[in-house]
Amino acid sequence: MRQHHRTACVIGSLLLIAAAGTSSSAATPTKAPDRAGPTPLGQIVPAPMKVEPGGAGFEITAKTPIRVGSGNPDERRLGEYLAGILRPSTGYRLPVTDREGKGGIRLRISAEPENKVLGGEGYRVISTRGSLTITSWSSTGLLHGVQTVRQQLPAAVEKKTPQRGPWRVAGGTIKDMPRYAYRGAMLDVSRHFFPVEHVKRYIDQLALYKMNKLHLHLSDDQGWRIAIDSWPRLATYGGSTQVGGGPGGHYTKDQYKDIVAYAASRGLQVIPEIDMPGHTNAALASYAELNCNGVAPPLYTGTNVGFSSLCVNKDVTYKFVDDVVRELAALTPGGSVHIGGDEAHSTSHEDFVTFMGKVQPVVAKYGKTVMGWHQLAGAKPAKDAVVQYWGYDRTGQAERDQVVNAAKQGTKLVLSPADRAYLDMKYDKDTPLGLTWAGYVEVQRAYDWDPGTYLQGAPADSVLGVEAPLWTETLSTPAHLDYMAFPRLPGIAELGWSPAATHDWGAYKGRLAGQAPRWDALGINYYKSPQVPWPAER
Ligand code: TNX
């Protein structure tokens, strides 16, 4: 489909096809979890930093209260969140109470030194016969602790109707904190539009794996998805279709704020992307004056890339950029705005550099830092810009060097190697959805790499973390998103969270297999990779 723009990709795909045949070993199913024994402490995804099993462990019963402090509203909010997961399946009342007392589940945000050393996202879980304590320095850490407890409980806890217990958490202590500060997922809502409810569903899935950034690809050739008051036709006309010609759609500002707030309640910051100067047909179609020739092209519903460009030498272009970035920044509590910059094949290099030189200060002017695809490294990245690397095994050395050199000069990196982290790549030749330009990406390939050493020559501390993009040229329903994200997304989440020392495909695939009953309970439509020892069906 897009191979004429990525000639090297075809060769890459063929090599990978050859490699894939040798690497998939027949997987023997793990035993279904014994109803009598709880999930061993720490057998979760992502793997925790430190696990000290021991003791009888906690059992949730009809009498269990969820204790929160009286002073901190986040403790109560997260207590209610936990209760909301546990009540339907356990059938217990699980009152959230700030009354002092012994026993039960306890949620605590406190600045004690044992919490502070675990940083702004770390937490501890202490499971004993008498109580289950989740404690953290921050509300985000407490939320991550709740997700850990959730995964330690039987998968049936995710169901929406009463199930049989027992509801045990293995005994011992978990001390946990992330390896990387940036653990992201990108959703392309431009190629196909996904309404708020679908985005929230994805947010819930990301939170389960302790991801903390949701990058929304809000504009592309096929659709503009966010209301901009000063340029209303962007959304009403530019958002009126999608790949294949369906009705498309866009988020009103209120809907977008709802997404941002929901994401925040699940520990995720939203990073909005307006892709520029290429990938802009939807904008060019909406306003004739944005085109160098003053003529608006028709809307586009195909899947080619690289044919559109904003008019770099027109003043109105920068008025447009200023308005869009200003309105977007006002909707963005987080620190970054993503300005795209990839595949600007219809913009000369000189124009690209000029354009980025003018646009980056606009982002700064509205109090945000720039994020851009790694082509930004070929222009002059702003001092605090973050560059997102999306190369793959066939990416040329010159292109890599550009990114590595920027990193040496202080540019921070987010790694999304397309042949590892692109959730839209097919798993193998039989995958009914997805693309192949970066090759097939089976579950092991998505997991088995180290972000710390991936880009040779880049200083280790230039790596902020990882992100798994989900492009949607071929994906139009939540079931499609599920199928491509699961089971690869948890692997990228683990690379972002878990200490490098825990990295081990052999152990990981067992823990991953243990997630399947949970996905079944949650109605997640996952790909049953032959590389993973899924539990036998019950
Ligand atoms: C490349 S990654 C793109 C997207 C496509 C994607 C499909 C990047 C920055 N650009 O426009 O949707 O490949 O895999």
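The values are calculated or read from the model by the stated rules, or taken from the named source; none is laboratory data. Here the structure is a predicted model, which is why all the values come from computation and not from measurement. So basically every Cβ, Gly included, is an ideal-geometry build from the backbone, and we count neighbours across all protein chains shown.
Just for the range 54-72: of the residues that are within 21 Å of residue 137 (Cα to Cα) and modelled with pLDDT of 95 or more, which one is surrounded by the most Cβ atoms within 10 Å (Cβ to Cβ)? Among them, the one singled out is 68. For residue 216, indicate whether it is buried (at least 21 other Cβ atoms within 10 Å of the Cβ), in contact (Cβ under 8 Å) with a residue 12 or more places away in the chain and assigned to a helix (DSSP H, G or I). No.
Within the range 91-121, restricting attention to residues that are in contact with a Pro (Cβ under 7 Å, 6 or more places away or on another chain) and not in a loop (DSSP other than H, G, I, E, B), the residue that is surrounded by the fewest Cβ atoms within 10 Å (Cβ to Cβ) is 97. Going through the range 219-230 one residue at a time, which ones are more than 16 Å from the ligand (Cβ to nearest atom) and surrounded by 20 or more Cβ atoms within 10 Å (Cβ to Cβ)? Those that are more than 16 Å from the ligand (Cβ to nearest atom) and surrounded by 20 or more Cβ atoms within 10 Å (Cβ to Cβ): 226, 227, 228. Just one of the listed residues (186, 211) is under 14 Å from the mean Cα position of the chain (by Cα) and part of a loop (DSSP other than H, G, I, E, B), and it is 211. Scanning for something surrounded by 17 or more Cβ atoms within 10 Å (Cβ to Cβ), over 30 Å from residue 299 (Cβ atoms) and not basic (Lys, Arg), does the range 183-203 turn up at least one residue? No. Taking the conditions (1) closer than 30 Å to residue 288 by Cα; (2) in contact with a Pro (Cβ under 7 Å, 6 or more places away or on another chain); (3) of a type in the set (Phe, Trp, Tyr) in turn, residue 209 satisfies each one other than (1). When the residues of the range 332-372 are filtered to those that are under 23 Å from the mean Cα position of the chain (by Cα) and surrounded by fewer than 17 Cβ atoms within 10 Å (Cβ to Cβ), which remaining residue is nearest to the ligand (Cβ to nearest atom)? So, considering only residues that are under 23 Å from the mean Cα position of the chain (by Cα) and surrounded by fewer than 17 Cβ atoms within 10 Å (Cβ to Cβ), the one nearest to the ligand (Cβ to nearest atom) is 335. Among the residues of the range 393-406, those identified as within 14 Å of the ligand (Cβ to nearest atom) and not charged (D, E, K, R) are 395, 403.
Looking across 467, 473, one residue alone is modelled with pLDDT of 95 or more, in a loop (DSSP other than H, G, I, E, B) and of a type in the set (D, E, K, R). It is 473. I'd like to verify a number: residues in the range 407-463 that are away from the ligand (no atom under 16 Å from the Cβ) and either touching a Cys at 6+ places or on another chain (Cβ under 9 Å) or small (Gly, Ala, Ser) (or both), how many? Number satisfying all stated conditions: 7. In the set 257, 253, only one residue is farther than 30 Å from residue 146 by Cβ, among the basic types (Lys, Arg) and surrounded by fewer than 24 Cβ atoms within 10 Å (Cβ to Cβ); that residue is 253. The condition of being of a type outside the set (A, V, I, L, M, F, W, C), closer than 25 Å to residue 407 by Cα and in a helix (DSSP H, G or I) does not hold for residue 450. Comparison of 382, 406 shows that the only residue that is crowded, with 16+ Cβ neighbours inside 10 Å and free of Cβ contacts under 8 Å to residues at least 24 places away in the same chain is 382. Does residue 516 count as surrounded by fewer than 22 Cβ atoms within 10 Å (Cβ to Cβ), more than 20 Å from the chain's Cα centre (by Cα) and more than 16 Å from the ligand (Cβ to nearest atom)? So residue 516 fails the test. Considered as a group, the residues in the range 231-245 that are away from the ligand (no atom under 16 Å from the Cβ) and surrounded by fewer than 23 Cβ atoms within 10 Å (Cβ to Cβ) include one that is nearest to residue 297 (Cα to Cα), and that residue is 237. The set of residues from the range 375-392 being within 15 Å of the ligand (Cβ to nearest atom) and in contact with a Lys or Arg (Cβ under 9 Å, 6 or more places away or on another chain) comprises 386, 387, 389, 391, 392. Against the criterion of being of a type in the set (D, E, K, R), touching a residue at least 40 places away in the same chain (Cβ under 8 Å) and more than 22 Å from residue 394 (Cα to Cα), residue 511 qualifies. Consider the range 266-300 and keep the residues that are surrounded by fewer than 17 Cβ atoms within 10 Å (Cβ to Cβ) and not aromatic (Phe, Trp, Tyr). The one that is nearest to residue 316 (Cα to Cα) is 289.
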